[in-house]
1. Looking at LEU125 and the list (1) assigned to a helix (DSSP H, G or I); (2) open to solvent by 50 Å² or more (accessible area, probe 1.4 Å), which single condition is not satisfied?
2. Of everything in the range 127-153 that's of a type in the set (S, T, N, Q) and at pLDDT 95 or above, which residue is nearest to THR57 (Cα to Cα)?
3. Looking only at the range 208-222, count how many residues are open to solvent by 50 Å² or more (accessible area, probe 1.4 Å) and more than 37 Å from the chain's Cα centre (by Cα).
4. Provide a single number: the residues in the range 78-122 that are in contact with a Leu (Cβ under 8 Å, 6 or more places away or on another chain) and either touching a residue at least 40 places away in the same chain (Cβ under 8 Å) or loosely packed, with under 13 Cβ neighbours inside 10 Å (or both).
5. Pick from VAL167, VAL240: which is modelled with pLDDT of 95 or more, in a helix (DSSP H, G or I) and touching a helix residue (DSSP H, G or I) at 6+ places or on another chain (Cβ under 6 Å)?
6. Pull up the range 30-45, narrow it to residues that are small (Gly, Ala, Ser) and surrounded by fewer than 16 Cβ atoms within 10 Å (Cβ to Cβ), then point me to the one that is nearest to THR157 (Cα to Cα).
7. If the Cβ limit is 9 Å and pairs must be 6+ apart or interchain, which residue in the range 220-242 that is more than 15 Å from LYS188 (Cα to Cα) pairs with which residue that is assigned to a loop (DSSP other than H, G, I, E, B) and of a type in the set (Ser, Thr, Tyr)?
8. Of everything in the range 131-146, what is open to solvent by 60 Å² or more (accessible area, probe 1.4 Å) and within 18 Å of the chain's Cα centre (by Cα)? Give them in sequence order.
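The values are calculated or read from the model by the stated rules, or taken from the named source; none is laboratory data. Computed from a prediction, not measured in an experiment: that's the story for all the values here. So basically every Cβ, Gly included, is an ideal-geometry build from the backbone, and we count neighbours across all protein chains shown. All accessible areas refer to the heavy atoms of the entire protein, side chains included, with ligands and DNA or RNA removed. Shrake-Rupley method; radii C 1.70, N 1.55, O 1.52, S 1.80 Å.
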Amino acid sequence: MTKAPVEDQRRLLDVQALDTRAQQLVHRRTTLPALATVKEIDGQLADLTTALVASRTAASDLRRELAKAEGDVEQVRTRATRNQQRLDSGAVGAKDAQALVSELESLGRRQEALEEVELEVMERLEAHEDTLAKLDEAHQKTADAKAAALAEVDAQTAEINAQLEVVQADRAKAVDGLDAALVTLYDKIRTQLGGQGAAALRGGRCEGCQLDMNQTDLSAIRAAAPEDVVRCEECGRILVRIKDDRPKE
């Protein structure tokens, strides 16, 4: 059985309190509300980015479609202008003039149809560009919100880290001079049991697992020498015996 001075065993509770505080600070640092906010915003940014890519692609396709429609209209206009100039010159015969007039009428109808297509594409492009502008604005606002949340995370993390440094320094002082074997055993148990390696035995109850000890175990503990390091039969933690360890009536 491990043995350690009684005072060292009692000081172990101070070490445990500091370790518990450090564990709480680490947990707080990893569960900051601002971190959840950043995660939520990241999801929003991902959705906005996807929407932006789709909208930019659609707008780009419409710009190409509009350019083609404008080119088709311009081509018809150019041909109509050329035909009209030939008619106006009077240099063509009656038969050719009649053909040019017929073609001009056909070109007029064609131009009208193409201009309708051009207008429809322009309206669609305008709608997409309006959507794109709104998406860009929403993306920027969301990115700004993320930056603000990250700044909050950094500030809160720095504050917690400062507190943690103080606790760790206090812990080093609390451990200094303690029985080495006792500290080694404590650290081993603490690692195995999720952070708590020692607990007070008070009123016949282990304050680690919060279970009342049976009379047989209590009798064995009371019979042990003060220097003996005893452990809870239920949870395995080191039990630091408080003066009054008798169960309450």
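1. (2)
2. GLN140
3. Qualifying residue count for the region: 8.
4. The qualifying residues number 3.
5. The match here is VAL167.
6. Selected residue: ALA36.
7. What qualifies is ASP228/THR2.
8. Selection gives GLN140, LYS141, ASP144.
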